[in-house]
Amino acid sequence: MPNVLFEPSLLFKAGKPEDYPDGSVTFLEEEWVFLVRQGNTFRCLSANCTHLGCTVNRADHGYHCPCHGSVFDDQGAVKSGPAPRSLEWFSVTLSKDRRLLVDKRVHVNPDKYLVL
């Protein structure tokens, strides 16, 4: 049997906007990202800690890395290390079939989001 390593896609459809309740932060396990909806805006945050790549967890106010204790605020900025930099935000657009399209090849600023 071949030894296959699963790698999430760099470009993927995350479903319909109405699949996500207002105010939700949804972890998409297959893609290692959090999809954030606030009102009619959508953003996508990497779930990979910038220290050693562990998967961060959602916390009461931000995100926490269970491996080495890095803490990030709601915008993905480092509040305490050892993570050397903020979590990455990815481009979110709307595809022709009206689904959320996340492109992890395109990094955006934390204040960049899709407005519907």
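The values are calculated or read from the model by the stated rules, or taken from the named source; none is laboratory data. Keep in mind it's a predicted model, so treat the numbers as computed, not measured. Cβ: placed from backbone, ideal geometry, glycine included. Neighbour counts: every protein chain shown. Accessible surface areas use protein heavy atoms only, side chains included; no ligands, DNA or RNA. Shrake-Rupley method; radii C 1.70, N 1.55, O 1.52, S 1.80 Å.
Of all the residues in segment 76-111, those that are over 22 Å from F12 (Cβ atoms), in contact with a strand residue (DSSP E or B) (Cβ under 8 Å, 6 or more places away or on another chain) and of a type outside the set (G, A, S) number 4. Remark: pairs (first residue in segment 10-25, free of Cβ contacts under 8 Å to residues at least 24 places away in the same chain; second residue open to solvent by 80 Å² or more (accessible area, probe 1.4 Å); Cβ separation under 7 Å; 6+ apart in sequence or on different chains) = G23/Q38. Out of D22, D60, one residue alone is at pLDDT 95 or above and more than 18 Å from R105 (Cβ to Cβ). It is D22. In segment 50-64, of all residues being in contact with a Ser or Thr (Cβ under 8 Å, 6 or more places away or on another chain) and of a type outside the set (A, V, I, L, M), the one that is surrounded by the most Cβ atoms within 10 Å (Cβ to Cβ) corresponds to T50.
Just one of the listed residues (R85, R105) is assigned to a strand (DSSP E or B), of a type in the set (K, R), over 11 Å from the mean Cα position of the chain (by Cα) and loosely packed, with under 14 Cβ neighbours inside 10 Å, namely R105.
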